[in-house]
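Engineer: Please find one structure pasted underneath; my questions will follow.
The values are calculated or read from the model by the stated rules, or taken from the named source; none is laboratory data. Treat the numbers as computed from the prediction; the structure is a model and nothing was measured. Ideal geometry is used to build each Cβ from the backbone, glycine not excepted, and the neighbour counts take in all protein chains shown.
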């Protein structure tokens, strides 16, 4: 049985006004689901949303929240989010392990000299290549996704099971793309993982260089020693501005492996290598990561519903109050002259309500002895009468509700759906089966259908029952 109440509506509106990502994610998920498998039955949700004093975008968000609760889609979103964070944690752990391994491999076990160029290439070669490719991707339209971002998305999609679960990451990607946050988010993931790996490599360098003895050399067959002097000074110029020492030319020339250098020379090489990793590895990734995070936060903070989007445009006429006519442009047809409808029952909050459902004339209604504290909603014969009662209950739920039905009739699908809608707006409910004395009834069939609807056995009162005492004071 549906369980959407005014409390659910309030929570839906609160959710729509909270940070926008989750609310818009659910709205996009509902839009995709309806685009794939057709519109959802949303009469009750629309009726509640129309009571909100809010614009169309907020009503679309509130409708999506109500439907997502009813269709049990919120656990799917939360589950995918947890899986995505778990995959990201695994990738982060792998990045840390990789950084430690690369740094240890670049220095070796200390039994052989460390070739400066090979160590520099091992520590920063792949990082420099991927960073330059990321910068070059700004020339592409649309923006290219980073390889690590693709790996993260592929892993999270593998964890999704079922058609609705597969729509969750698709809705997330659609939302990011429309908000302009796709490049920023995946860039932040990629730069964050690289930053973790390079930081682990730096810590490993510091530990190994502090606890073991290494000898740095350059080795070449074709290049002259002055080439390495120029290269060392060019690469170390920027780190020297941050306080890292720049090896002097004589020391670089002497580091050809043929001479034994003093320990101070190895310290200079060590600090030079650390400075290069910090300036050309960690700092660029840190700046890029902060920039991507800032871009993503700004884009996601500006999320907004596009009412013209396919799937949302069709909701305008149903979620917004209908336009009111300001006059007539032709004479009134006497056969279709407007009539004044009876006023809708208002202010039902906390008040017990009694209503008949298409009762025939031989069942006298309302029953005699109706308590004064009980609101008589009348005999619901027409769609307009049913909608007036539903609208009034959507504004303020009844404390207790009794629906009287003709036990001689067969319970059809429309009657059961209306009972379910009414039950969603009451603190407690009873279905009263009525029949003239001695008449045959279909009470067993009614009880079977109502039980399948989710109604408890003690909430079904037979023709001989008297639920008015419960309606008045809540006790049988």
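Conditions (1) surrounded by 18 or more Cβ atoms within 10 Å (Cβ to Cβ); (2) modelled with pLDDT of 85 or more; (3) not in a strand (DSSP E or B), marked per residue:
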site	(1), (2), (3)
368	no, no, yes
394	yes, no, yes
402	yes, yes, no
405	yes, yes, no
445	no, yes, yes
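Engineer: Give the number of residues within segment 438-462 that are closer than 13 Å to residue 407 by Cβ and in contact with a helix residue (DSSP H, G or I) (Cβ under 7 Å, 6 or more places away or on another chain).
Structural biologist: Final tally of qualifying residues: 3.
Engineer: Mind telling me which of the residues 81, 112 ends up being in the same structural domain as residue 171 (by TED's automatic domain parsing) and either in contact (Cβ under 8 Å) with a residue 24 or more places away in the chain or touching a helix residue (DSSP H, G or I) at 6+ places or on another chain (Cβ under 9 Å) (or both)?
Structural biologist: Exactly one of 81, 112 is in the same structural domain as residue 171 (by TED's automatic domain parsing) and either in contact (Cβ under 8 Å) with a residue 24 or more places away in the chain or touching a helix residue (DSSP H, G or I) at 6+ places or on another chain (Cβ under 9 Å) (or both), namely 81.
Engineer: Shifting gears a bit: For segment 447-471, give me each residue that is modelled with pLDDT of 80 or more and within 20 Å of residue 368 (Cβ to Cβ).
Structural biologist: 461, 462, 463, 467, 468, 469, 470, 471
Engineer: Checking the condition over 30 Å from residue 389 (Cα atoms), in the same structural domain as residue 210 (by TED's automatic domain parsing) and modelled with pLDDT of 90 or more, which residue from 129, 140, 117, 135 passes? Let's see the steps before the verdict.
Structural biologist: Numbers: 140 fails: modelled with pLDDT of 90 or more; 117 fails: modelled with pLDDT of 90 or more; 135 fails: modelled with pLDDT of 90 or more.
Of 129, 140, 117, 135, the one residue that is over 30 Å from residue 389 (Cα atoms), in the same structural domain as residue 210 (by TED's automatic domain parsing) and modelled with pLDDT of 90 or more is 129.
Engineer: To continue, here is another question. Could you check segment 408-425 and list, in sequence order, the residues that are in a helix (DSSP H, G or I) and in contact with a strand residue (DSSP E or B) (Cβ under 9 Å, 6 or more places away or on another chain)?
Structural biologist: 415, 418, 419, 422, 423
Engineer: Among the listed residues 62, 106, 68, which satisfies the condition of being crowded, with 18+ Cβ neighbours inside 10 Å and in the same structural domain as residue 195 (by TED's automatic domain parsing)?
Structural biologist: Result: 106 is the single residue among 62, 106, 68 that is crowded, with 18+ Cβ neighbours inside 10 Å and in the same structural domain as residue 195 (by TED's automatic domain parsing).
Engineer: Restricting to segment 2-41, give me the number of residues that are at pLDDT 80 or above, in a loop (DSSP other than H, G, I, E, B) and touching a helix residue (DSSP H, G or I) at 6+ places or on another chain (Cβ under 6 Å).
Structural biologist: Result for segment 2-41: 1.
Engineer: Could you check how many residues of segment 42-64 are part of a helix (DSSP H, G or I) and in contact with a helix residue (DSSP H, G or I) (Cβ under 8 Å, 6 or more places away or on another chain)?
Structural biologist: Result for segment 42-64: 15.
Engineer: Quick one: which residue in 361, 345 is at pLDDT 60 or above and not in a strand (DSSP E or B)?
Structural biologist: Values: 345 fails: at pLDDT 60 or above.
The conditions single out 361.
Engineer: Give 188, 171, 166 a once-over and let me know the one that is modelled with pLDDT of 85 or more and closer than 22 Å to residue 35 by Cβ.
Structural biologist: Going through 188, 171, 166 in turn, the sole match is 171.
Engineer: Show me the helices (runs of 4 or more DSSP H) entirely contained within segment 171-276 in which 2 or more residues are without any contact (Cβ under 8 Å) to a residue 24 or more places away in the chain and closer than 24 Å to residue 111 by Cβ. Steps first, answer last, please.
Structural biologist: On the way: elements: 182-211, 225-240, 249-254.
Ranges flagged: 182-211, 249-254.
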